[in-house]
Amino acid sequence: MERNWIWKETEDFRMEKKNLDWANLGFGYMVTDYRYVSNYKDGKWDDGALITDPNVTLNECAGVFQYSQSCFEGLKAYTTEDGHIVCFRPDMNAKRMMDSAERLEMPVFPEDRFVDAVEQVVKANAAWVPPFGSGASLYIRPYMIGTNSVIGVKPADEYQFRILVTPVGPYFKGGAKPITIKVSDFDRAAPHGTGHIKAGLNYAMSLHAIVTAHKEGFDENLYLDPATRTKVEETGGANFIFITKDGTLVTPKSDSILPSITRRSIMVVAEKYLGMKVEHREVYFDELKDFAECGLCGTAAVISPVGKIVDHGKEICFPSGMEEMGPQIKKIYDKLTAIQKAEIEGPEGWVKVI
Ligand code: PLP
Ligand code: COI
């Protein structure tokens, strides 16, 4: 396949891959060779560097330990069929992390430096980027923490921005097999709170709910809007997409959910590449029984089909069933993942060659 449109400015740095069982990786952490670190002190970021030590040593009273001053991002890199490495929309993660930092009274890490740091750390760990066709990818986790001691409730003055990378397989064990989720009794976010940013504290809030869901045999939680508990929000780690019986893509709009980059990309792919009608709007829980297909979307989840949603014993079974992804979601999945892996050309700027 002709792919000159993408490689024009790249150096070719094929590297022998690590000897891992790529096809059977789960979504877990393993120590890779390099991580990126930059420190913020006296009102400015230092130059940043790649280091080999995976451990972080901090004062016992660091802001991150006392008042959870932390935010993070997640994106992926892939090896293409001809051995290049690409990653998907890192500028969007940079922007979202700037929003998270501002909301948490942390200094922003500039977009150009974020994208450059992603490039450096992926390049340095090229041997850990799973081979083309393995079904795995390199998960990139940028994060920022308050590092100096803080005991009165206030923001830290010193921060560390880091990026770790780790090869991963599917987020849900069954891969493309539909999952079952429960309507959570807990809320993940508060009205006017921090649900719209990627703060570590949101995930701490969701841990009891996910452990509870797993104990009860569910794969994930559906969170309702915290103000009225009548509208669909998201899960602990992904946004929802639904397909109506007449083939429209519907996806929830709310101020308290994370603006998923995957979801925003899917909206473009569905409308511009697949000619689908797209509705980004409030979605009432009562509407779910009328939808034909349901999926979760996110960097980790990619697009994971949902077969069943259970609300206190009352089941909503989507007509797409429990065996495979519904046909419309499959079409979106195929197109999106082909763009992400640079198999086909996507909108300008979506794929960054490392
Ligand atoms: N919602 C939550 C709560 C998440 O943690 C994530 C993961 O990043 C998403 C949605 C999906 O966002 P994205 O597509 O940008 O990965
Ligand atoms: C991601 O998809 O990048 C996330 O951060 C979600 C998390 C559940 C792993």
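Bear in mind that the values in this text are calculations on the coordinates, not laboratory data. Everything numeric here is computed off the predicted structure, so don't read it as measured data. Cβ atoms come from the backbone with ideal geometry, glycine included; neighbour counts cover every protein chain shown.
Please label the shape of the stretch 135-195 as rounded, prolate or oblate, based on the square roots a ≥ b ≥ c of the eigenvalues of the alpha-carbon gyration tensor (a/c under 1.5 means rounded; beyond that, a/b larger than b/c means prolate, else oblate). Please list the in-between numbers first.
Details: a/c = 4.27, a/b = 1.41, b/c = 3.02.
Judged from the Cα gyration tensor, the stretch 135-195 comes out oblate (a/c at least 1.5, b/c at or above a/b).
With +1 on the Cβ of every Lys and Arg and -1 on the Cβ of every Asp and Glu, and nothing else charged, how large is the dipole of the stretch 179-340 about its Cα centre, in debye rounded to the nearest 20?
Computed about the Cα centre, the dipole is about 400 debye.
Tell me which of PRO252, ASN148, VAL353 sits at the most positive position along the dipole axis of the chain, charges placed on C-beta atoms (Lys, Arg +1; Asp, Glu -1).
Ranked along the dipole, the leading option is PRO252.
Can you compute 3J(HN,Hα) from phi for each residue in the stretch 48-58, using the Karplus curve 6.51 cos²θ - 1.76 cosθ + 1.60 with θ = phi - 60°, rounded to whole Hz and x for Gly and Pro?
x, 7, 8, 10, 9, 6, x, 9, 10, 10, 9
Would you compute, for the Cα atoms of the stretch 44-110, the largest minus smallest coordinate along each principal axis and list the three values in descending order, in whole Å?
Sorted largest first, the three principal extents are 48, 29, 21 Å.
Which GluC sites (Glu not before Pro) does the stretch 90-119 hold that lie in a coil by DSSP with at most 16 other beta carbons within 10 Å?
Here the sparse-neighbourhood loop sites are GLU105.
Hey, if you drop one equal point scatterer on each alpha-carbon of the chain and run the Debye formula without solvent, what base-10 log of I(q)/I(0) do you get at q = 0.13, 0.14 Å⁻¹?
Reported log10 I(q)/I(0), two decimals: -1.07, -1.23.
Hey, got the Cα dimensions of the stretch 35-170 along the principal axes, in Å, largest first?
Over the stretch 35-170, Cα extents along the principal axes are 53, 28, 27 Å.
Quick one: among ALA190, ALA117, ALA209, which has the greatest mean-square fluctuation in a GNM of the chain with alpha-carbon springs under 10 angstrom?
Largest GNM mean-square fluctuation: ALA190.
Express in % the proportion of alpha carbon pairs of the stretch 78-130 at distances exceeding 19 Å.
Summing the P(r) of the stretch 78-130 above 19 Å gives 38 percent of all pairs.
Could you give each residue of the stretch 153-159 its phi-based ³J(HN,Hα) in whole Hz, using Karplus coefficients 6.51, -1.76, 1.60 with θ = phi - 60°, and x for Gly or Pro?
So the J values, rounded to whole Hz, are 6, 7, x, 5, 9, 10, 9.
In Å, what Rg and Dmax follow from the Cα atoms of the stretch 179-340?
Expressed in Å, the Cα Rg and Dmax of the stretch 179-340 come to 14.7, 41.
Quick check: residue separation of PHE132 and THR57 times 0.36 nm, minus the Cα distance between them. What number comes out in nm?
Contour length minus Cα-Cα distance gives 23.4 nm.
So what's the net charge close to VAL150: Lys and Arg +1, Asp and Glu -1, counting the other residues with Cβ under 15 Å from its Cβ?
Value of the local net charge: -2.
Considering all alpha-carbon pairs of the stretch 11-70, what whole percent are spaced by more than 17 angstrom? All intermediate terms of the calculation are to be shown ahead of the outcome.
Working: 1186 of 1770 pairs.
When every Cα pair of the stretch 11-70 is considered, 67 percent fall beyond 17 Å.
Please list, in chain and number order, the residues 5+ apart from PHE27 or on another chain whose amide H is under 5 Å from its amide H, with Hs placed from the backbone.
GLY169
I need the trypsin sites (Lys or Arg not before Pro) found in the stretch 280-323, filtered to DSSP loop residues with at most 12 other beta carbons within 10 Å of theirs.
For trypsin sites (Lys or Arg not before Pro) across the stretch 280-323 that sit outside H, G, I, E and B with at most 12 neighbouring Cβ atoms in 10 Å, the list is empty.
Using Cα centres only, tell me the gap between the stretch 13-68 and the stretch 138-182 in whole Å.
Cα centres, the stretch 13-68 to the stretch 138-182: 11 Å.
Can you tell me, using C-alpha contacts under 8 Å and at least 6 residues apart, the relative contact order of the chain as a whole percent?
RCO, the chain: 19 percent.
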